[in-house]
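Chemist: This structure is in structure tokens; I'll ask about it shortly.
The values are calculated or read from the model by the stated rules, or taken from the named source; none is laboratory data. As the structure is a prediction and not an experimental result, all values here were calculated from the model. No Cβ is skipped: glycine too gets one built from the backbone with ideal geometry, and neighbour counts run over all protein chains shown. We work out accessible area using only protein heavy atoms, side chains counted, and drop any ligands, DNA or RNA first. Shrake-Rupley method; radii C 1.70, N 1.55, O 1.52, S 1.80 Å.
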Amino acid sequence: MGSLEAERTTTGWAARDSSGILSPYTYTLRNTGPEDVYVKVLSCGICHSDLHQVKNDLGMSNYPMVPGHEVVGEVLEVGSDVTKFRVGDVVGVGLLVGCCRSCNPCKTDNEQYCNKKIWSYNDTYSDGKPTQGGFAGELVADQKFVVKIPDGMAWEQAAPLLCAGVTVYSPLKHFGLNVSGLRGGILGLGGVGHMGVKIAKAMGHHVTVISSSDRKKEEALEHVGADEFLVSSDATKMQEAADSLDYIIDTVPVVHPLEPYLSLLRLDGKLILMGVIGAPLQFVSPMVMLGRKSITGSFVGSMKETEEMLEFCKERGLTSMIEVVKMDYVNTAFERLEKNDVRYRFVVDVAGSNLNP
């Protein structure tokens with residue numbers, strides 16, 4: 001199994017400041033231990049939250065920062081106490097790499113809600129070293145936060161599932177919405193939204209994509225597989241759709257009104273917020289009172305849910321719609337993502353890239 005005691009170096013692409021521009025950066029991987037897995041990164045998805053982080057939109061960024069939390073890689077070496085993985089396995093690492101393991105969320109397989117969780121990048125590990133993400137040649141992660149990628153699932157297809165996929169799967173399961181016959185809405189057809197359509201359809205739901213214009217109507221209906229498309233600025237159609245949905249998954253990552261969407265919910269309907277927004281959202285209380293409606297939120301998913309979701313996607317042949325790029329294109333990819341110019345997830349071919357040109 002080899003010794004994992006010595007530190008290693010790797011090269012990643014890091015942002016140095018809030019310009020968010022990435023360039024090669026060589027750094028030391030954190031000290032590894034008996035429960036750690038040393039992984040060669042094969043591919044890594046680009047999430048909208050990566051954009052927030054590299055540009056310090058939330059005011060919490062630390063530099064240099066190597067982003068990337070939709071990581072698929074190959075196991076190069078395992079610690080002496082690792083039981084779940086062996087050399088050569090294709091594995092995934094998502095948004096978290098640590099938790100306290102003793103609080104109620106940790107004890108109930110909800111470690112993503114642990115108050116002491118450790119992010120896969122822009123955080124500090126328990127040994128005091130900064131965590132860095134998947135836009136890099138290698139990484140080290142505790143086996144608890146590593147999942148096996150199902151056999152036969154393409155690396156680049158699996159990467160977005162580790163964030164976008166489980167982010168949708170988790171609330172549908174938790175709120176008891178993983179039953180057939182429901183009517184759901186997906187607000188925003190981006191990386192998370194398009195996986196929302198696919199997963200909800202696979203659960204047997206009638207799915208309506210809600211968007212601010214009809215620009216994505218054809219792709220929503222013909223390419224992603226939605227049943228209906230609703231333009232939120234069309235007052236007549238919005239009125240006709242009132243009280244028709246059991247839930248709405250709101251993936252919009254910028255400030256937007258909630259009341260138009262609350263009106264679409266049936267009795268006991270749920271508006272599930274998933275976009276990271278650094279400013280207050282508003283609504284008037286009768287919009288939720290007069291229908292016993294809920295505004296709630298959900299954050300990625302647990303490791304157990306991630307494993308379930310991967311199997312769910314494999315069994316049903318679900319794939320993400322992606323554009324594969326090399327690392328030297330990553331800054332352009334971020335610019336395009338900021339303009340919503342991607343269908344629907346960029347995935348960096350890390351193993352096929354020259355990380356230090």
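Chemist: Among the strands (runs of 3 or more DSSP E) contained in the stretch 197-264, which hold 1 or more residues that are open to solvent by 10 Å² or more (accessible area, probe 1.4 Å) and in contact (Cβ under 8 Å) with a residue 60 or more places away in the chain? Walk me through it before giving the result.
Modeler: On the way: elements: 206-211, 228-231, 245-250.
Of the strands (runs of 3 or more DSSP E) lying wholly inside the stretch 197-264, those with at least 1 residues that are open to solvent by 10 Å² or more (accessible area, probe 1.4 Å) and in contact (Cβ under 8 Å) with a residue 60 or more places away in the chain span 245-250.
Chemist: Among (1) touching a residue at least 24 places away in the same chain (Cβ under 8 Å); (2) within 30 Å of R343 (Cα to Cα), where does K129 come up short?
Modeler: If we test K129 against (1) touching a residue at least 24 places away in the same chain (Cβ under 8 Å); (2) within 30 Å of R343 (Cα to Cα), just (2) comes out false.
Chemist: Same structure again: Can you go through L355, L267, L290 and tell me which one is surrounded by 16 or more Cβ atoms within 10 Å (Cβ to Cβ) and at pLDDT 95 or above?
Modeler: The match here is L355.
Chemist: Return yes when S213 is over 26 Å from L337 (Cα atoms) and out of contact with any helix residue (DSSP H, G or I) (no Cβ under 9 Å at 6 or more places or on another chain) and no when it is not. Show your work before the answer.
Modeler: Numbers: over 26 Å from L337 (Cα atoms): no; out of contact with any helix residue (DSSP H, G or I) (no Cβ under 9 Å at 6 or more places or on another chain): yes.
So S213 fails the test.
Chemist: Filter the stretch 123-158 down to the residues that are assigned to a loop (DSSP other than H, G, I, E, B) and either surrounded by 24 or more Cβ atoms within 10 Å (Cβ to Cβ) or not small (G, A, S) (or both) and list them by number. Outline the logic, then answer.
Modeler: Within the stretch 123-158, the subset assigned to a loop (DSSP other than H, G, I, E, B) is 125-129, 132-135, 137, 149-154.
Scanning the stretch 123-158 gives Y125, D127, K129, Q132, G133, G134, F135, I149, P150, D151, M153.
Chemist: Please find, among V37, V41, the residue that is at pLDDT 95 or above, among the β-branched types (V, I, T) and in contact with a helix residue (DSSP H, G or I) (Cβ under 6 Å, 6 or more places away or on another chain).
Modeler: Numbers: V41 fails: in contact with a helix residue (DSSP H, G or I) (Cβ under 6 Å, 6 or more places away or on another chain).
Just one listed residue meets the conditions, V37.
Chemist: Can you confirm whether the stretch 240-253 contains a residue that is touching a strand residue (DSSP E or B) at 6+ places or on another chain (Cβ under 8 Å), closer than 22 Å to E315 by Cβ and not polar (S, T, N, Q)? Give the derivation first.
Modeler: Step one: list which residues in the stretch 240-253 are touching a strand residue (DSSP E or B) at 6+ places or on another chain (Cβ under 8 Å), which gives 241, 243-252.
The next check asks that each one be closer than 22 Å to E315 by Cβ; those that pass are 249.
Now restrict to residues that are not polar (S, T, N, Q): 249.
Scanning the stretch 240-253, I find at least one residue that is touching a strand residue (DSSP E or B) at 6+ places or on another chain (Cβ under 8 Å), closer than 22 Å to E315 by Cβ and not polar (S, T, N, Q), so the answer is yes.
Chemist: Another question, if that's okay. Find the helices (runs of 4 or more DSSP H) located wholly in the stretch 286-346 whose residues include 2 or more that are touching a Leu at 6+ places or on another chain (Cβ under 8 Å) and free of Cβ contacts under 8 Å to residues at least 40 places away in the same chain, and list them. Give the derivation first.
Modeler: Working: elements: 286-289, 303-316, 330-338.
Helices (runs of 4 or more DSSP H) meeting the threshold: 286-289.
Chemist: Could I ask something else about it? Kindly provide the set of residues from the stretch 103-122 that are part of a loop (DSSP other than H, G, I, E, B) and surrounded by fewer than 17 Cβ atoms within 10 Å (Cβ to Cβ), ordered by number.
Modeler: Of the residues in the stretch 103-122, the ones part of a loop (DSSP other than H, G, I, E, B) are 103, 108-110, 114-117, 120-122.
Those that are part of a loop (DSSP other than H, G, I, E, B) and surrounded by fewer than 17 Cβ atoms within 10 Å (Cβ to Cβ): C103, T108, D109, N115, K116.
Chemist: Just name the residue that is nearest to V166 (Cα to Cα) out of those in the stretch 293-325 that are polar (S, T, N, Q) and modelled with pLDDT of 95 or more. Let's see the steps before the verdict.
Modeler: Here is the first cut: in the stretch 293-325, the residues polar (S, T, N, Q) are 294, 296, 298, 302, 306, 319-320.
Narrowing further to those that are modelled with pLDDT of 95 or more: 294, 296, 298, 302, 306.
Details: S294: 21, T296: 17, S298: 10, S302: 8, T306: 6 Å.
Among those residues, the one meeting the criterion is T306.
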